[in-house]
Structure formats: C-alpha cells, structure tokens
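In what follows, a single structure is set out as structure tokens and then discussed.
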Amino acid sequence: MDPRDPRDNNPNDEQAPASDGEPALDAEDTPPATETVEHYVGLHQHIERLRADKRPQAPPELNADEARAYQMAALLRAATPGADLPDPGFVAALRDRLMRPAAASALAGDPVASRPKRVGRRGLLSGGLAAAAAAVGVAAGVAVERGHETKPPATVETPLVPPGSGIWVSVAKADMIPLGGVMHFSTDYIVGFLRHTPTGFAALSGVCTHMSCFLQWNGGTRTYDCPCHGGQFTETGESASTSPIWYRPLPQIQTKVEDGHVWVYVVPPGVGSTNTPAAGSGGYGAPDPTNR
Amino acid sequence: MLRKSRIQDHNPDASNQTSGNHSLQRLYEDNVIAIYRFIYAKVGNREEAEDLTSQVFMKALRGLDQKRDLPSIQSWLFQVARTVVADHWRAFYRLRADSLDDLLDAGWESPLDDAHTSPERVEERANRILKRLPARYQEVLTYRFLLNFSIRETAEKMRLTEANVKVLQFRALKKAGRIDLESL
C-alpha cells in the first residue's frame, strides 16, 4: 500500500529533499527507519486543515505513536490564541435547536443532522443569552450588538470599559510577554489581546466589530484575523487594508503594570448577568458606547 | 470558574415541559463553552468541534429524563463528551483497535477535571510539553501553532526549506506525544 518500502528509505533524502546546502536538521532528529514522505505530508496536510478550522481528511491507518502526534496537533491548535473559542452564532443556533421540542425529538434519532446552521448574530444575542453566557464564568462568545451600524463610528481611543465602571484584573506576569509579543487573555466577561510595545503594555478587545466573532492573532502577518468573514485588524486594532470592508477599530482596554503583573480594566463580576447597560457594552464586544 | 449546574427534578409530562426546558437551558448555558473547548482540544478544528458539541448535547437531551438528581450533571456531560470524541476517533481516524486501547490505557480518555476545560489549562499543558522538547522542536511548534505561522513563514524564520519544516514538525509532534504520555 505504501509506495515506499520504509527499509529503503534514506533518511537524509527525507530530511531535505531538494535542499542541497540547506542547514541540516538537528542531530537529535535521529530519523526512524519507518518514516516516509507520506508521513510528513499527511501530518502537514492535517495541520493545515486545522489551521483553517476545517474538518481534516481521514489519515491512513495510524499506530498509537502516530495517533498521539495527531492528537498533539489538535492540542497545540487549541493553544493557538483565540482558536478554541466557540462561534457565538453556533452557540446560539444549537441552543435554539435544543430548546425546540419538536426539532429536538426529530434530531434525537439523527445525530448526523445535528450540525447547526450558521446564523447571523444581530439581534439574536441581546439579553438572555449574553447574560447566561456571562454567568458561565468563562470567556463566552457572546456579544451584544444593537444596530451599531446606524450609529456614528467609535474612535479608536474609546475604552471598552469607561473609567469608574470596571475593576482591575491581573491577566499576566509582565515578564511573560517579550517585547513585540501578543498574548490572548480572557476574564469573566471580556476577551482580548495584550501586547508588549516599546512604550508599555496595550490591550484590545478580542471580538470582531463586524459580527462579534472571536479574533485570532496571526503572528505571520501580525494581524488579528476574523474566522467568520475574513476581516483583519492591525496589531493596534485598526481595520487592516486586507479586510473585505472597513471595520470599526477594536475597542481599547486600559492596562497598568503593578507588582510585576499586567492588569486590565474590565467589567466587574455581577454586572454581566444583570443585563444592565454596563453589561451590554462591557460584555464581549458591544463596541460602540453611543449605543447605550 | 465553572459553575456546577443542577438539573431540577422534573416529570416528563407536558405540564412540566417548561421546567424541563429550563433545566436543559441551564445545562446548556452552563456547559456549552467548556464542552466545546474540551472537544476542540481533542480535534483541533471548528467544524468537528461544532459537530461533536452538537452531538453531545443531543445525546444529553435524550439521556436527561433518566438522569434526574444526578450528583454531578456536569461530570456526566463530560463523560458523554469523552464517549463522543472516542467514537469519532475510532471511526474517522480508523484507529486499529489495539491503537485505541493503547491510547485509552495511556490516559487519553483520562477523567476530566474542571481544570482541563479552561483555556489556561490547555495552554499550560501545551507549554509544559513544549518546554521539555529539544530547542528546534520547540521552535517549529511555537511558530506553527502558538504563532500560527504558515509553513513558508516558519521556513524563513528557521532558515530551512519547507520540506525540512514538514519533517521537523512531524518529529516534534511525535516527540511531544511521547512526552505527554510520560507525564500522564
């Protein structure tokens, strides 16, 4: 089945096909005789599917060692900042299905049909679900969007949580983030990105201002990428020129460094579950303060 | 961090439909994100994570009537999630029976505590594994996953060919798997 007999497999060829003069891989990479190009390509294609958040192709039969390598790829993918946060539209759509008795009983016999449709987030997420997700106490993918597109755009200087309405929460040790580094953080009601700039630490909301999807940091292009509609934000939170349309900038979150920790100014516990105006704007997104 | 949910005792008859719905709603809202993240860390992509999360709650819906007064409804829900993930792996990855047994023996389906579901925990586990890897392995996985670099960007950073990176990431992930196994 395998076109190459592993025993004939010259490890040096596998290490650097068409790469004469390239730096060799580490000496500790003692190439097991059982590795073939198909192994490398197969796992690589798998990783690329994961990076695209798409269902991977079924690999050839795996032994336990190889399966663990695939498992590690999944674990590390989940550790990609922002990658493992559920899409708010998915959370809402599945909830709708579960709450509809007729649909629920129909689906009960048909697990394949359980894939929820994607739905728009507008209107769907105001009120109950936002409060409920906040009550879960983990970073929830719920934003409250209240027709902001009819409002004047917020300026980039607008803080997500206005002074006097929030609390300071420590999210990282200051020495954890190297200069130029970007870290994802989540508090009870806010997710965001913290970055270490030459002038100190800066934080931004981690929710797309378009449809409130969770952004992912892309270290290659140094942008925050939106998995839903391809939006991109520069590392300072402006709509990138590569975005399909212009998006309002990501709201800023105040930061300070104290006791060796970086603190962010966020919505206090309790506010998020009461559906107050502060909860609406401070929860995940609700980017435009003029909505209040 | 995660609140334990309580399922209120309810009769399956129509007069109590509302309270049943309410219980289910609480169960869902209290756990959907944790379940999703748990599954995501097993499959590593959104499409499958959404499918399997849906399956977990559909199964939970069916099992709910027999599951009243559960001491920990959340443990049960995660048990459902583990079963769903294991079934998925068995079917989709066509693991040989002995391979799956090896994985299960190795704690792949280890009992889940709350900590496993928090994002910090996934990142901590990833970092713990990365730290124990040889420098080049650590580097390639950091570029590819934590920094989400493309193969070309990684190759440029590491001064390797793209083919080299593919070899390196394969071996790094294999080594990472062994380290993870040892630490269980």
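Each residue in A:Thr223, A:Thr199, A:Thr209, B:Thr83 was given a count of other beta-carbon atoms within 10 angstrom of its own, and listing them fewest first yields A:Thr199, B:Thr83, A:Thr223, A:Thr209.
Averaged over peptide B:158-164, the number of partner chain Cβ atoms lying within 10 Å of each residue's Cβ comes to 6. Of the peptides A:171-180, A:60-69, A:86-95, A:246-255, the ranking by mean beta-carbon count within 10 Å, highest at the top, reads A:86-95, A:246-255, A:60-69, A:171-180. Across peptide A:210-219, the mean count of Cβ atoms from other chains lying within 10 Å of each residue's own Cβ comes to 2. Our summary of shape: the Cα atoms of segment A:187-226 have principal axis extents of 31, 27, 13 Å, ordered from largest down, in whole angstrom. Legend: residue pairs A:Lys173/B:Lys175; A:Lys256/B:Lys131; B:Lys131/B:Lys157, Cα-Cα distance threshold 27 Å; pairs beyond threshold, A:Lys173/B:Lys175; A:Lys256/B:Lys131.
Any read-out appearing in this document is the output of simple, stated calculations on the displayed coordinates, not a laboratory observation. The structure displayed is predicted, hence computed values, not measured ones. Glycine also receives a Cβ, built like all others from the backbone with ideal geometry; neighbour counts cover every protein chain displayed.
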